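Q: Okay, here's the structure, questions in a sec.
The values are calculated or read from the model by the stated rules, or taken from the named source; none is laboratory data. Because the structure is predicted, anything quoted here is derived from the model rather than measured. Here Cβ is always computed from backbone atoms with ideal geometry, including for glycine, and neighbour counts include all displayed protein chains. We work out accessible area using only protein heavy atoms, side chains counted, and drop any ligands, DNA or RNA first. Shrake-Rupley method; radii C 1.70, N 1.55, O 1.52, S 1.80 Å.
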Amino acid sequence: MRSLSTSRWRYPRLDEIPPQDSEIQLKIQELTNTTLDIQWIPGSAYNDKINVMIAADEMPMAMRVTYTPAIISSIQSGMFWELDPYLDRFPNLSSMNPQHYDNIRVDGKLYGIPQYRDIGRAALIFRKDWLDKLGFDVPKTIEDYYNVSRAMAFDDPDGDGQQNTYGFMLHKSYFSGSAAASTRLAVSLGAPNKWDVDENGKFTPEFEHPVHFELLKMFRRLYEEGALNQDFAAVDESEVLKVFDASRAGLRVGVAGKAGSMQDRVLQTDPNAVFDVEPLTGPMGIRVPGELGNNGFFVFPKSKVKTEEDLLRILAFFDRLLDEDVNTLLLRGIEGKHYEETADGKHQWIDFALFQREVKPYRDMLIHNTNNVKPLIDTPVAEKATRITQENTKYAVPNPALTLSSPTYSERGGELDQLMTDAMIKFVMGNIDEAGYQAEIQKWRSMGGDKIIQEYEAEYAKGSK
């Protein structure tokens, strides 16, 4: 074990609040030769608290933030250390997929260590037993998806003699957010990941791409025929998931890793139900949207980390977290208590509930690498989902505007995003026709969309040069 100098700094975070002398914290401190002073902040108050700490210059030595206009502005003001000159000194940090770092760069420079998360998480989760009974292959085209979803709604896949099932089920956030389900599906079929950029550096939003619009037309067709839940615009995703759990829905585009838990839950309703998971595959092969690759990132304030020596000591701690022994502690807990190793070199849970209570807060608060831990024995569908998630990185389509600066988007992006989300919902529900949808796009452009495009193109040109 490498020896690291002892230091103290705070990590504001959320979730459960373990005691300062918990067994897990003491073990982390022992392995890293570091004393931790952790400040836990409730999730509901987290961003507000961070903003107050920045404004008052009462920040800790290491602080997790998210990629928001306010944080970007703070970074641009010179408040935090730039890390590019130091990263190659740390073998674990420097060996991570560069996309994790590119996704949080500001003006082309790196100022943080990401809480690493898989970049290609999307997959198709579906009821394999229904698909087999109805005589369909895994869908790969818009027409395939239409036929499968319609059959799951009308051809009684559960055999109860009633028309009480769905293929796709939508919800009110289906078309919104950085990882919208509609974007995930559209990308697999050939659409861009939020923004398209051509060889001349010209930007086009996803909702002007023909494949994205064809997908909306498919949903509109299913909605008109009653093959989609008619109240989706007012339904939370959590309510939709209950329908899957009740064995009443069969197609979901979401995080691959959810397949195992969906299978576990549906068995409580239907012991013969079979969920499966496959990569999102379309006419161009496997294609998934590259996502953020992080759940926030740690920055290091110059007002608290005063010397390069202090910074290097802190970065050494973060690098040490990714070594297999500490990484395993964060992802599995303590051997013999939370998990055990099998004869074939895999891990299996002894007490997963205890892990959730004692270890998960630290796993969620610190950084870890899911590729540097022995595999976990799980159900076949869950193990398959893990493999798909790891392989998806090769097929991830980046969002070219992810780290580009747009003052207009910073100021009005939320309002403009909502305008187009509402337009998609209204189109699917038949409240506007194609001409009305195009009129909403023109409204988006006139209210600031054209300006955002211009700003993205200008920033992109700078990076290209």
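Q: Could we say that Ser188 is touching a helix residue (DSSP H, G or I) at 6+ places or on another chain (Cβ under 7 Å), closer than 20 Å to Val255 by Cα, open to solvent by less than 10 Å² (accessible area, probe 1.4 Å) and part of a helix (DSSP H, G or I) here?
A: no
Q: How do the helices (runs of 4 or more DSSP H) wholly within segment 218-323 filter down when requiring 3 or more residues that are touching a strand residue (DSSP E or B) at 6+ places or on another chain (Cβ under 7 Å): which remain?
A: Where helices (runs of 4 or more DSSP H) fall fully within segment 218-323 and carry at least 3 residues being touching a strand residue (DSSP E or B) at 6+ places or on another chain (Cβ under 7 Å), they are 259-266.
Q: Closer than 30 Å to Thr66 by Cβ, modelled with pLDDT of 95 or more and crowded, with 18+ Cβ neighbours inside 10 Å: does that describe Met169?
A: yes
Q: For segment 16-45, give me each residue that is acidic (Asp, Glu) and part of a loop (DSSP other than H, G, I, E, B).
A: Once the filter is applied, which keeps residues that are acidic (Asp, Glu) and part of a loop (DSSP other than H, G, I, E, B), segment 16-45 yields Glu16, Asp21, Asp37.
Q: What tally of residues in segment 91-125 results from selecting those that are in contact with a Phe, Trp or Tyr (Cβ under 7 Å, 6 or more places away or on another chain) and in contact (Cβ under 8 Å) with a residue 60 or more places away in the chain?
A: Selection size over segment 91-125: 11.
Q: Let me ask you something else. Looking only at helices (runs of 4 or more DSSP H) that lie completely in segment 46-151, which have at least 2 residues being open to solvent by 40 Å² or more (accessible area, probe 1.4 Å) and under 30 Å from Asp245 (Cβ atoms)?
A: Result: 128-134.
Q: Any residue at all in segment 125-145 that is touching a Pro at 6+ places or on another chain (Cβ under 9 Å), among the aliphatic types (A, V, I, L, M) and at pLDDT 95 or above?
A: Checked segment 125-145: at least one residue is touching a Pro at 6+ places or on another chain (Cβ under 9 Å), among the aliphatic types (A, V, I, L, M) and at pLDDT 95 or above.
Q: Suppose we filter segment 259-278 for residues that are surrounded by fewer than 21 Cβ atoms within 10 Å (Cβ to Cβ), modelled with pLDDT under 95 and under 19 Å from the mean Cα position of the chain (by Cα); how many remain?
A: 1
Q: Another question, then. Residues of segment 349-363 being outside any helix (DSSP H, G or I), more than 14 Å from Ile17 (Cα to Cα) and among the hydrophobic types (A, V, I, L, M, F, W, C), which ones?
A: Correct list: Trp349, Ile350.
Q: Pairs please, first residue from segment 446-465 and touching a residue at least 40 places away in the same chain (Cβ under 8 Å), second anywhere and among the aromatic types (Phe, Trp, Tyr) and open to solvent by less than 50 Å² (accessible area, probe 1.4 Å), Cβ atoms under 8 Å, 6+ apart in sequence or on different chains.
A: Correct list of pairs: Ile453/Phe203; Tyr456/Trp195; Tyr456/Phe203; Glu457/Phe203; Tyr460/Phe203.
Q: Can you pull out every residue in segment 396-439 that is open to solvent by less than 50 Å² (accessible area, probe 1.4 Å), among the hydroxyl-bearing types (Ser, Thr, Tyr) and more than 29 Å from Pro279 (Cα to Cα)?
A: Ser405, Ser406, Thr408, Tyr437
Q: Residue by residue through segment 369-387, note down the ones that are more than 18 Å from Val277 (Cα to Cα), open to solvent by 50 Å² or more (accessible area, probe 1.4 Å) and under 21 Å from the mean Cα position of the chain (by Cα).
A: Scanning segment 369-387 gives Thr370, Asn371.
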